[in-house]
Amino acid sequence: MLEGTTAGRPEGVTFKDEMDHIGDHNGEITMERVRKRKRVTPQQDAEQHICLKIDKAGLEERFINLHKGRGVFATEDFRKGDFVLEYRGNLLKQDSPLDLRHYDDTEAVFLFDFKWKGKSYCLDASVEDKSLGRLVNDDNKKPNCKMKTIGIGGMPHLCLFAIKDITPGEEVTYNYGNADWPWRKQVRQHIMDN
């Protein structure tokens, strides 16, 4: 096929989008057509994973230590701006303050309060459901992700996006906000003691 012709190609696909791959398989020469794939935008990637209710490949859960517990680590590269994970759980609309008496200290850290379209919500991820988003740890000094709200079907979804490149073996983290979390006090005390 000559460059510039469109015969045999889907509309909008140019010669540069295609390349012919010639290979020798057991003495036979074969030809297969390989098409250049379009990169999915981070927003589209997030929407796909939200709709499928699955975690993205390239991440794994690891036990860190008794102080931190578990965390999420990259097994593949993530580029700045990439969708990384959804923070999934039970979405509660907060018409009135949440009664925290139903949560012990270990469960309360999985509650994420946020506003979306002028309304207050709480995402309760306190139930162990095998999703990785609920295991991403706090880093208020040098986080590598940021939480953003994505609307799908009129409902908010909390998603982590990389704010810098993340390499395999690196822990995925984000800043939980300005609250005085107990583990931040423990880290400050540990630093002062040493």
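The values are calculated or read from the model by the stated rules, or taken from the named source; none is laboratory data. Small disclaimer: the values here were computed from a predicted structure and weren't measured. As a convention, Cβ positions derive from the backbone with ideal geometry for all residues, glycine included, and neighbour counts pool all protein chains shown.
I'm checking my understanding of the structure. Among residues of the stretch 37-83 that are of a type in the set (Gly, Ala, Ser) and out of contact with any Cys (no Cβ under 6 Å at 6 or more places or on another chain), which one is farthest from residue 153 (Cα to Cα)?
If we filter the stretch 37-83 for residues that are of a type in the set (Gly, Ala, Ser), which is where we start, we get 46, 57-58, 69, 71, 74, 81.
From the residues that got through so far, the ones that are out of contact with any Cys (no Cβ under 6 Å at 6 or more places or on another chain) too are 57-58, 69, 71, 74, 81.
Details: 57: 24, 58: 27, 69: 34, 71: 30, 74: 29, 81: 23 Å.
Here the residue is 69.
Looking only at the stretch 43-68, which residues are small (Gly, Ala, Ser) and surrounded by 13 or more Cβ atoms within 10 Å (Cβ to Cβ)? Steps first, answer last, please.
Of the stretch 43-68, the ones small (Gly, Ala, Ser) are 46, 57-58.
Correct list: 46, 58.
Collect the residues in the stretch 106-121 that are closer than 27 Å to residue 164 by Cα and modelled with pLDDT under 90, keeping them in residue-number order. Give the derivation first.
The first filter runs over the stretch 106-121 and keeps only residues closer than 27 Å to residue 164 by Cα, leaving 109-116.
Selection gives 109, 110, 111, 112, 113, 114, 115.
In the stretch 64-105, what residues are basic (Lys, Arg) and either out of contact with any Phe, Trp or Tyr (no Cβ under 9 Å at 6 or more places or on another chain) or at pLDDT 90 or above (or both)?
Within the stretch 64-105, 70, 79, 80, 88, 101 qualify.
Across the stretch 122-156, the qualifying residues are those that are of a type in the set (Lys, Arg) and surrounded by 13 or more Cβ atoms within 10 Å (Cβ to Cβ), and the one among them that is farthest from residue 65 (Cα to Cα) is 148. Please pick out the residue among 33, 39 that is assigned to a strand (DSSP E or B), at pLDDT below 90, loosely packed, with under 11 Cβ neighbours inside 10 Å and not hydroxyl-bearing (Ser, Thr, Tyr). Checking each option against the conditions leaves just 33.
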